[in-house]
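Q: Encoded as structure tokens, here's the structure I'll be asking about.
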Amino acid sequence: MTLKIPGYVSVPQGSVLVTGGTGSSANKTISFGGGILAAQLAVDGRPPAFLQLGLLNPVVQKTFKIVTETVSGSPSVRSIALVQVNESGGHAVNSWVIETTASG
């Protein structure tokens, strides 16, 4: 049995109970990638072979610097963005700067 929840579970005054069913093997894998906010966590039956609670650090696969600028006209505009792409396919804009320069 594998249970993988990439986000977090929030039941501040409740409990989280994981039940594998009768006759399930001990090879359970349980992962809460974003963690749990709960009063109690219980696993029914045999304990899991793998239990992970907490954030999964994403592996940064590639970081791109994207630069665009106007080729003519006034004012001159330049945009620079640093974008990161993670191994999971997620992405983030780490910084984005827009500069304008009046020609004169």
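Q: Hey, what did the range 2-53 get for relative contact order, percent, Cα under 8 Å, at least 6 apart? Mind showing how you got there, number by number?
A: On the way: 105 pairs, mean separation 24.2, N = 52.
Relative CO of the range 2-53 lands at 47 percent.
Q: Something else now. Let me make sure I get this right: for the chain, a, b and c are the square roots of the gyration tensor eigenvalues over alpha carbons, sorted descending. Under 1.5 in a/c it's rounded, otherwise prolate if a/b > b/c, else oblate. Which is it? Working shown, then result.
A: Working: a/c = 6.37, a/b = 3.31, b/c = 1.93.
Prolate, because a/c is 1.5 or more and a/b exceeds b/c.
Q: Name the long-range amide H neighbours of Thr29: under 5 Å, sequence gap of 5 or more, or other chain; modelled H, no Pro or chain starts.
A: Long-range HN contacts for Thr29: Thr2, Leu3.
Q: When a/c reaches 1.5 or more, the comparison of a/b and b/c decides; with that in mind, is the range 60-101 rounded, prolate or oblate per its Cα gyration tensor? Kindly include the intermediate steps, with their values, before the conclusion.
A: On the way: a/c = 4.90, a/b = 3.35, b/c = 1.47.
Verdict is prolate for the range 60-101.
Q: Quick one: length gained pulling Thr2 to Ala102 fully straight, 0.36 nm per residue minus the C-alpha distance? Could the numbers behind the result be given before it?
A: Details: separation 100, 0.36 × 100 = 36.00 nm, distance 5.93 nm.
Gain on stretching Thr2 to Ala102: 30.1 nm.
Q: If the reach is capped at under 21 angstrom between alpha carbons, list the lysines near Lys28, excluding any in the same chain fewer than eight residues apart.
A: Within reach: Lys4.
Q: Here's something else I'd like to know. Please tell me the relative contact order of the chain in percent, rounded to the nearest whole number, where contacts are Cα pairs under 8 Å and at least six residues apart. Each step should come with its number before you reach the end.
A: Working: 215 pairs, mean separation 21.3, N = 104.
The normalised contact order for the chain reaches 20 percent.
Q: Between Lys62 and Asn86, what is the label-to-label distance in nm when each label sits 7 Å out along the Cα-to-Cβ direction?
A: 1.8 nm
Throughout, read-outs are computed from the coordinates displayed, never taken from laboratory work. All values derive from a computational prediction rather than experimental measurement. Glycine gets a Cβ as well: all are built from the backbone with ideal geometry, and neighbour counts include every protein chain shown.
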